[in-house]
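Written out below as structure tokens is the structure these notes cover.
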């Protein structure tokens, strides 16, 4: 997720792409004979997806290339395509090299669509000969009450070249459980599970002393003329500078917006169109997987904030909006460094913003973030990213704060949660006044 670029697309001139492929192939370890093409033909696919912030001491995982085909569905394939898109995103987070849809379309030009009835032998040939992929996933999704039933087929050519290695039906009782089911599907095929994540310790973090000034410019969103100082311009369709804060002004986010409408408006917005010219949102209906909430979510960035690797910072925010155990808004702390002459994201952490009141009241959360020294390039600055996605709806953010932790202060030790879950980050609806001062004017 790179919120500054529409859809995360990066264009590479063909000549440069050829050079990069050759370099990547030369540096890659020898591939098994059956997949000799994957190290060169698809080497570029991994470049934007590998975690640049991974510690240098972490053992390298085996490079696995997976092709995730559009799942079929009764709505002319819309829900199935969305399911496959989300599955690809989660596969990338596991470090898998994912064959992109455009590459699939080009490789399968003229071939029949992949369905549950496609023979295993035919799928093996597609994976090996057309896509140079070891793994393949396809299937069908269909609505079942408030949730989904997913029939999944999968192949791992290293285990079996002529039969399915995954043939199972999964059920998500509600929309919020679709992502955990996708993690189960990927683990069943690849053996890779989500890594244990540290649980937040907000009560202890709130007590950690800080030194120096507030590092977030205009974290209370009060200053500015047409848009808040220190933050990106609101787009007027999904992000708004609203007088609905705690108190005064705040950032307001609406994720219940048709995704295609948002994409079209982003082209004009990035060309300089003011938020006041944004179109009225097209009414949404049905499962709403075609909304901003169901695809990318809405991200809103601060200006760069200089930091020093090895130092710790206390980050906090007031927020209001819906959430669930698995789906909740976040405050990302994204670190940037110099990678081959460009400022690239090399570190990511986030503050989970679960809601006890489902948006009825303002809540607050805090986290201590230690900027690591072992990223791919030294972190020079961070940008805070306010992010909301599922469920589709309205979210509010205010009083964003970041301060340096006092030298020598004891930092609470995080406890690792179960691999299947996200950080259990309880919110606090009544933050300590000394830790999270509330605005007095606006």
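The values are calculated or read from the model by the stated rules, or taken from the named source; none is laboratory data. None of these values were measured; they are calculated from a predicted model. Virtual Cβ from ideal backbone geometry, glycine too; neighbours counted across all protein chains shown.
Taken over the range 216-239, the criterion of being in contact (Cβ under 8 Å) with a residue 24 or more places away in the chain and buried (at least 20 other Cβ atoms within 10 Å of the Cβ) is satisfied by 216, 219, 220, 221, 231, 234, 235, 237, 238, 239.
Each residue in the range 285-332 was checked for being within 16 Å of residue 394 (Cα to Cα) and touching a strand residue (DSSP E or B) at 6+ places or on another chain (Cβ under 7 Å), and 14 of them qualify.
Could you identify the single residue in 79, 121, 109 that is more than 13 Å from residue 186 (Cα to Cα) and in contact (Cβ under 8 Å) with a residue 60 or more places away in the chain? Spell out the reasoning first.
Numbers: 121 fails: in contact (Cβ under 8 Å) with a residue 60 or more places away in the chain; 109 fails: in contact (Cβ under 8 Å) with a residue 60 or more places away in the chain.
Exactly one residue qualifies, and that residue is 79.
Taking the condition under 22 Å from the mean Cα position of the chain (by Cα) and either surrounded by fewer than 17 Cβ atoms within 10 Å (Cβ to Cβ) or closer than 15 Å to residue 383 by Cβ (or both), does residue 295 pass? No: the conditions fail for residue 295. A count restricted to the range 134-145 and to residues that are over 24 Å from the mean Cα position of the chain (by Cα) and farther than 13 Å from residue 83 by Cβ stands at 3. Residue 74 meets all of the listed conditions (1) within 15 Å of residue 154 (Cα to Cα); (2) surrounded by fewer than 16 Cβ atoms within 10 Å (Cβ to Cβ); (3) touching a strand residue (DSSP E or B) at 6+ places or on another chain (Cβ under 7 Å) but one, namely (1). Please specify each residue of the range 126-147 satisfying the condition of being closer than 18 Å to residue 101 by Cβ, touching a strand residue (DSSP E or B) at 6+ places or on another chain (Cβ under 6 Å) and either free of Cβ contacts under 8 Å to residues at least 24 places away in the same chain or in a loop (DSSP other than H, G, I, E, B) (or both). Across the range 126-147, the qualifying residues are 131, 133.
Table: residues versus (1) out of contact with any helix residue (DSSP H, G or I) (no Cβ under 8 Å at 6 or more places or on another chain); (2) in the same structural domain as residue 362 (by TED's automatic domain parsing); (3) more than 28 Å from residue 313 (Cβ to Cβ).
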site	(1), (2), (3)
202	yes, yes, no
210	yes, yes, no
213	yes, yes, no
228	yes, yes, no
233	no, yes, no
237	no, yes, yes
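Would you be able to tell me the number of residues in the range 353-367 that are closer than 22 Å to residue 404 by Cβ and either under 21 Å from the mean Cα position of the chain (by Cα) or in the same structural domain as residue 93 (by TED's automatic domain parsing) (or both)? Residues in the range 353-367 being closer than 22 Å to residue 404 by Cβ and either under 21 Å from the mean Cα position of the chain (by Cα) or in the same structural domain as residue 93 (by TED's automatic domain parsing) (or both): 3 in total.
Conditions tested, residue by residue: (1) in the same structural domain as residue 147 (by TED's automatic domain parsing); (2) closer than 25 Å to residue 179 by Cβ; (3) touching a helix residue (DSSP H, G or I) at 6+ places or on another chain (Cβ under 6 Å).
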| residue | (1), (2), (3) |
| --- | --- |
| 263 | no, yes, no |
| 266 | no, yes, yes |
| 270 | no, no, no |
| 274 | no, no, no |
| 280 | no, no, no |
| 286 | no, yes, no |
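Residue by residue, here is whether (1) surrounded by fewer than 17 Cβ atoms within 10 Å (Cβ to Cβ); (2) over 22 Å from the mean Cα position of the chain (by Cα); (3) modelled with pLDDT of 95 or more; (4) not in a strand (DSSP E or B) holds:
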residue: 149; (1), (2), (3), (4): yes, yes, no, no
residue: 153; (1), (2), (3), (4): no, yes, yes, no
residue: 160; (1), (2), (3), (4): yes, yes, no, yes
residue: 163; (1), (2), (3), (4): yes, yes, no, yes
residue: 171; (1), (2), (3), (4): yes, yes, no, no
residue: 176; (1), (2), (3), (4): no, no, no, yes
residue: 179; (1), (2), (3), (4): no, no, no, yes
residue: 182; (1), (2), (3), (4): no, no, no, yes
residue: 187; (1), (2), (3), (4): yes, no, no, yes
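In this structure, does residue 314 turn out to be at pLDDT 95 or above and either surrounded by 18 or more Cβ atoms within 10 Å (Cβ to Cβ) or not assigned by TED's automatic domain parsing to the domain that holds residue 85 (or both)?
Details: at pLDDT 95 or above: yes; either surrounded by 18 or more Cβ atoms within 10 Å (Cβ to Cβ) or not assigned by TED's automatic domain parsing to the domain that holds residue 85 (or both): yes.
In short, yes.
For the range 331-413, which fully contained strands (runs of 3 or more DSSP E) count at least 1 residues that are under 21 Å from residue 295 (Cα atoms)? Output list reads 342-352, 381-388, 394-405.
If you check 116, 127 for being over 30 Å from residue 399 (Cβ atoms), crowded, with 21+ Cβ neighbours inside 10 Å and over 26 Å from the mean Cα position of the chain (by Cα), only one passes: 127. The lone criterion from (1) surrounded by 16 or more Cβ atoms within 10 Å (Cβ to Cβ); (2) farther than 22 Å from residue 397 by Cα left unmet by residue 191 is number (1).
Residues in the range 82-103 that are assigned to a loop (DSSP other than H, G, I, E, B) and free of Cβ contacts under 8 Å to residues at least 60 places away in the same chain were compared, and the one that is surrounded by the fewest Cβ atoms within 10 Å (Cβ to Cβ) is 100.
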